[in-house]
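Colleague: Input: one structure, supplied below.
Read the figures in this text as sums done on the coordinates, not as results from a lab. Everything numeric in this text was worked out from a predicted model, so none of it was measured. All Cβ positions, glycine included, derive from the backbone under ideal geometry; neighbour counts span all protein chains shown.
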Amino acid sequence: MLKPASCLVLLMLAVSPSSGEELRGHGGPVRSVAVSGDGRSAMTGSFDQSAILWNLADGTAQKVLRFHQGAVNAVATVPGAGFATGAEDGRIALWRGDAGEPAQVFEGHKGPIAALAISPDGRLIASASWDETLRVTALADGKARLLQGHAGPVNGVAFLPGGAIVSSGYDATLRIWPSEEAGAPRIIALPAPLNGVVVAPDGEIAVAAADGRLRLFSPDSEAQGEIAIGQTPIIALAISADGATIAAGGLRGQVALIDRKTRSIRATLVGPGLPVWSLAFLPDGRQLLSGGADRLVRRWNAVTGEHVGTVVPRAGADPLAAFNGERGAEVFRACAACHTLTPSDGNRAGPTLHGLFGRRIASAPGYAYSEAFKTMDIVWTKETVAKLFEIGPNAYTPGTKMPEQTIGSAQDRQALVDWLEKVTR
């Protein structure tokens with residue numbers, strides 16, 4: 001199963017109005033999306049560490065929320081209150097209206113939060129984390145119940161109508177936890193790691209798997225069916241409010257609309273061929289939002305399967321195309337998802353590298369660095385950049401959220417720093 005990278009730091013976002021067909025503004029993959037109960041607004045979370053509150057009537061951003069230190073992997077609608085976000089920093093933030101600061105913050109997880117769910121009565125929020133646990137937190141007072149047992153990252157969580165909790169994990173188990181403190185979970189072992197999980201109003205459970213199959217279970221854990229969606233992992237899942245339609249998104253950008261009653265795919269939504277990381281239905285079930293690796297939130301007619309607006313069937317221009325044949329540029333490709341090279345492109349998931357050499361660490365304008373970086377005494381030179389990739393970011397810059405990676409070849413390290421010196425001036 002593919003897991004998102006974790007080079008997660010704050011981005012300066014240039015959010016511009018949209019035609020209402022697509023929501024444009026995030027600087028990284030859109031990892032999560034949720035729609036308000038009245039269908040008028042949505043909140044999205046991104047790899048770029050931000051959440052954006054959107055007006056769905058005209059597709060404009062009402063507020064860009066910069067609070068989390070890490071990718072905003074999960075968003076949930078809190079009835080009568082607003083939205084909740086969960087992120088790589090292990091924190092949950094509750095947002096009311098268009099306030100720029102969270103009304104409440106819940107902490108406790110020791111790893112990234114991957115999913116959130118709100119209880120049927122609106123009093124509890126459940127969070128699934130890569131720290132192998134779930135937490136069920138009372139919104140009123142922050143008191144939390146810890147659920148342990150998964151042997152790996154927990155990627156999905158949902159509530160059953162009666163208050164029991166369902167979780168899905170990388171350990172290939174689906175677990176149904178009792179609503180009360182006492183009692184062990186029912187465990188369903190499956191043949192592939194699991195991603196998202198959703199629950200229909202009648203309690204039927206649908207879980208997405210890394211083998212491209214959607215599996216359905218009754219509330220008491222009995223298998224109800226299996227639907228082959230594709231050959232690649234299902235990484236996004238949503239269910240309409242009436243439970244009639246399930247949307248399942250995959251790594252190749254396709255989204256299957258599944259008729260839950262007939263267990264059949266009634267339409268396949270074809271996007272630009274990039275991973276779809278998040279899905280959410282509007283309350284009436286007639287429109288679907290999808291967030292993906294191209295940083296956009298797309299709108300779909302969930303009845304006809306047609307895209308609202310034009311789909312651009314490509315990922316965009318290759319910023320390194322002009323450097324074909326240069327070894328340094330080829331080595332840099334592993335960094336291009338997080339870093340730009342020119343001042344006009346600004347910061348992305350990592351700071352821009354324009355003007356890198358001679359710059360002190362943690363000093364790129366407009367970029368929110370971790371506190372650990374701010375105390376380091378490093379000036380970026382060809383030698384220090386080479387050392388970073390020789391021993392790895394975790395050893396050279398402890399406290400970094402940059403993905404751990406090294407370049408074993410001294411020749412490749414030299415090619416990279418020589419090329420960066422040329423293109424970042």
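Colleague: To the nearest 10 degrees, how steep is helix 410-423 against the longest Cα principal axis of the chain, on a 0 to 90 scale?
Modeller: Approximately 80 degrees, to the nearest 10.
Colleague: Based on alpha-carbon positions alone, could you give the equivalent ellipsoid semi-axes of the chain from the gyration tensor, as √(5λ), descending, whole Å?
Modeller: Here the semi-axes work out to 36, 24, 21 Å.
Colleague: With just the Cα atoms defining each centre, how far is segment 57-95 from segment 372-390? Give it in Å.
Modeller: 33 Å
Colleague: Output the relative contact order of the chain, whole-number percent, from Cα pairs under 8 angstrom with separation of 6+ residues. Write down the numbers at each step before the final one.
Modeller: Details: 1154 pairs, mean separation 50.0, N = 425.
This gives 12 percent for the chain.
Colleague: Take every Cα-Cα distance within segment 182-302, group them into 5 Å bins from 0 onward, and report for each bin the whole-number percent of pairs it holds.
Modeller: The calculated distribution, bin by bin, is 2, 12, 23, 24, 20, 10, 5, 2, 1, 0.
Colleague: In a solvent-free Debye calculation with one equal scatterer on each Cα, what is log10 I(q)/I(0) for segment 74-127 at q = 0.13, 0.15 Å⁻¹, listed in the order of the q values?
Modeller: Calculated log10 I(q)/I(0) at the listed q: -0.27, -0.36.
Colleague: Could you put ASP89, ASP345, ASP141, ASP202 in order, starting from the residue whose Cβ has the fewest other Cβ atoms within 10 Å?
Modeller: Ordered from fewest to most neighbouring Cβ atoms within 10 Å, ASP89, ASP345, ASP141, ASP202 come out as ASP141, ASP202, ASP345, ASP89.
Colleague: If you stretched the chain out fully between VAL379 and ILE391, how much longer would it get, using 0.36 nm times the residue separation minus the C-alpha to C-alpha distance?
Modeller: 2.6 nm
Colleague: How high is the relative contact order of segment 321-423, in percent, with contacts defined as C-alpha pairs under 8 Å that are six or more residues apart? Kindly include the intermediate steps, with their values, before the conclusion.
Modeller: Values: 125 pairs, mean separation 27.2, N = 103.
Dividing the mean separation by the residue count of segment 321-423 yields 26 percent.
Colleague: Another question about this same structure. By count of other Cβ within 10 Å, fewest leading, how are VAL270, VAL154 ordered?
Modeller: Going from sparsest to densest Cβ surroundings: VAL270, VAL154.
Colleague: Percent of Cα-Cα pairs per 5 Å bin, from 0 to the last occupied bin, for segment 321-423, please list those.
Modeller: Calculated over all Cα pairs of segment 321-423, the distribution is 2, 12, 22, 29, 22, 9, 2, 0 percent.
Colleague: What does the charge dipole of segment 53-208 about its Cα centre add up to, to the nearest 20 debye, if the Cβ of each Lys and Arg holds +1 and the Cβ of each Asp and Glu holds -1?
Modeller: The dipole magnitude comes to about 140 debye.
Colleague: Something else now. Need one number: the % of Cα-Cα pairs in segment 15-136 sitting beyond the 20 Å mark.
Modeller: Numbers: 2694 of 7381 pairs.
Everything past 20 Å amounts to 36 percent.
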